[in-house]
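Peer 1: Pasting a structure below so you can have a look.
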Amino acid sequence: MFTAKCFALLVAFVPLVYSFDCKPAVQGATWDFTALKQTLYVTGGDIACTWDKIEKNYGYSFSPCGPATLPKKCVASAHCPLDGARTAGVVQVDGTECCIAGSTAAVSTEPYDSKDRSKGISVILKGGQQCQHPTPTPRQTTINILCDTRAKEPKYDHANEPSHCHYDITMYSIHGCPKECPIEQASGFVCGDHGICKTDTVIDAVRCFCDEGYTGSDCSVKGSNGNSSGYGGIIALMVILFIIMIGMGGAIFYLVKQMAGFKKDNDTYMALRETNSK
C-alpha cells in the first residue's frame, strides 16, 4: 500500500534539480563553465592581517557549477547537521565534521571586475550553516573563476577567509574567459594562444585582440591583423596632419616676414619724403 510515509521516502531519494545553469551573462560578456561541474578540494581559511595568531587550516570540498560531493568521512554533528548536504556547493571540512559553507539554493554571479569583464566571473554561494564564533554568522563562499587563456585544467591552491565565516576560493581556467573570446578547437586555448582576451571599450564588449599576423574571432587565421592595420591608419593620419601643420607654420612665418619687410620699406620711404620736403 502506497502510504504518506512511502511518498516521503520517495521524495527523499529524488535528486534535486540544480536551477543555476552555469551560463551567466551580462552586457557584452557571457560565460559557460558547465565543464567545471565537478567536485574539487582545497585547503586554507586563514584570516588575512592576523599576524599574532594562526587560524585552523580547514579543507574545502567545492564545485563551481552544481552541488559538491560530500566527503565520505563526514559525520553529522549538533553544530553542523548534514540535512542540507544535497544542495551544498561548498563544504568546510574539519576532521569528520563537515559544515555547509555555501548553498546552491542561494547562488548568484557577477563579473569579477565590472570595469573589465574579460577577467572572469565570481560565483557567490550564500545560505551556509552558521559559525558560532565570535558571533553567529551564516557561512558563505565566493568562488572566483578567473580567465586564463591556457589553463585547460582548473588551477587553484588555497582558500582565504577575508572576514569571519566568509571564504574566497580563486581558480584559473579557460572557462573563466567569456565566450566572446572563443576557444580554438585545434589548440584548445582561448584566442588560439595567438592573442589576449580583453574588454573592447569602443564596442563595450569582450573580444580577442589578436597578435600581429593573426586574425579571426579566435585568432586562428593567419593573415593581416585588423587591429594593427587600424593603428597603422591612425599613425598615417597623424603623420599627414603633422606635415600639414608644418606647412601651415611655414606659410604663416613667410607672411609675417613679408609684412615686416613691407612695413620696413614703407617706414624708409616716409623718412625719405620728410627729408626731401625740408
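The values are calculated or read from the model by the stated rules, or taken from the named source; none is laboratory data. Quick caveat, the model's predicted, so the values are computed rather than measured. Note that we place each Cβ from the backbone using ideal geometry, even for glycine, and neighbour counts take in every protein chain shown.
Peer 1: Could you list, ordered by first residue, the pairs with Cβ atoms under 8 Å in which the first is in the range 55-79 and assigned by TED's automatic domain parsing to the domain that holds Glu97 and under 28 Å from Cys22 (Cβ atoms) and the second is outside any loop (DSSP other than H, G, I, E, B) and of a type in the set (Asp, Glu), at least 6 apart or interchain?
Peer 2: Here the result reads Tyr58/Asp94; Gly59/Asp94; Cys74/Glu97, each pair linking the range 55-79 to a residue that is outside any loop (DSSP other than H, G, I, E, B) and of a type in the set (Asp, Glu).
Peer 1: Here's something else I'd like to know. When only residues in the range 164-186 that are in contact with a strand residue (DSSP E or B) (Cβ under 9 Å, 6 or more places away or on another chain) and more than 18 Å from Trp31 (Cβ to Cβ) count, which is surrounded by the most Cβ atoms within 10 Å (Cβ to Cβ)?
Peer 2: My answer is Tyr167.
Peer 1: Would you point out which residue out of Ala88, Ala106, Ala25, Ala101 is under 19 Å from the mean Cα position of the chain (by Cα) and either modelled with pLDDT under 95 or assigned by TED's automatic domain parsing to the domain that holds Arg139 (or both)?
Peer 2: Working: Ala88 fails: under 19 Å from the mean Cα position of the chain (by Cα); Ala106 fails: under 19 Å from the mean Cα position of the chain (by Cα); Ala101 fails: under 19 Å from the mean Cα position of the chain (by Cα).
Exactly one of Ala88, Ala106, Ala25, Ala101 is under 19 Å from the mean Cα position of the chain (by Cα) and either modelled with pLDDT under 95 or assigned by TED's automatic domain parsing to the domain that holds Arg139 (or both), namely Ala25.
Peer 1: Something else about it: Only residues that are touching a Cys at 6+ places or on another chain (Cβ under 9 Å), buried (at least 17 other Cβ atoms within 10 Å of the Cβ) and either within 16 Å of Cys80 (Cα to Cα) or modelled with pLDDT under 95 (or both): list them for the range 122-147, please.
Peer 2: Gly128, Gln129, Cys131, Pro138, Arg139, Gln140
Peer 1: With the requirement that a residue be touching a residue at least 60 places away in the same chain (Cβ under 8 Å) and in a loop (DSSP other than H, G, I, E, B), what does the range 141-161 give you?
Peer 2: Result: Pro154, Tyr156, Asp157.
Peer 1: Condition test on Gly95, is it modelled with pLDDT of 95 or more and either in contact with a helix residue (DSSP H, G or I) (Cβ under 8 Å, 6 or more places away or on another chain) or exposed (fewer than 13 other Cβ atoms within 10 Å of the Cβ) (or both)?
Peer 2: Considered against the rule, which asks whether it is modelled with pLDDT of 95 or more and either in contact with a helix residue (DSSP H, G or I) (Cβ under 8 Å, 6 or more places away or on another chain) or exposed (fewer than 13 other Cβ atoms within 10 Å of the Cβ) (or both), Gly95 comes out as no.
Peer 1: Continuing with the same structure: Just checking, does the range 118-130 include any residue being closer than 18 Å to Tyr58 by Cβ and either in a strand (DSSP E or B) or without any contact (Cβ under 8 Å) to a residue 12 or more places away in the chain (or both)?
Peer 2: For the range 118-130, residues closer than 18 Å to Tyr58 by Cβ and either in a strand (DSSP E or B) or without any contact (Cβ under 8 Å) to a residue 12 or more places away in the chain (or both): present.
Peer 1: Let me ask something additional. Looking at (1) in a strand (DSSP E or B); (2) more than 30 Å from Ser103 (Cβ to Cβ); (3) out of contact with any helix residue (DSSP H, G or I) (no Cβ under 8 Å at 6 or more places or on another chain); (4) not β-branched (Val, Ile, Thr), which one does Lys198 not meet, given that it meets all the others?
Peer 2: (3)
Peer 1: Would it be correct to say that Arg150 is charged (D, E, K, R) and buried (at least 24 other Cβ atoms within 10 Å of the Cβ)?
Peer 2: Judged against the criteria, Arg150 is not a match.
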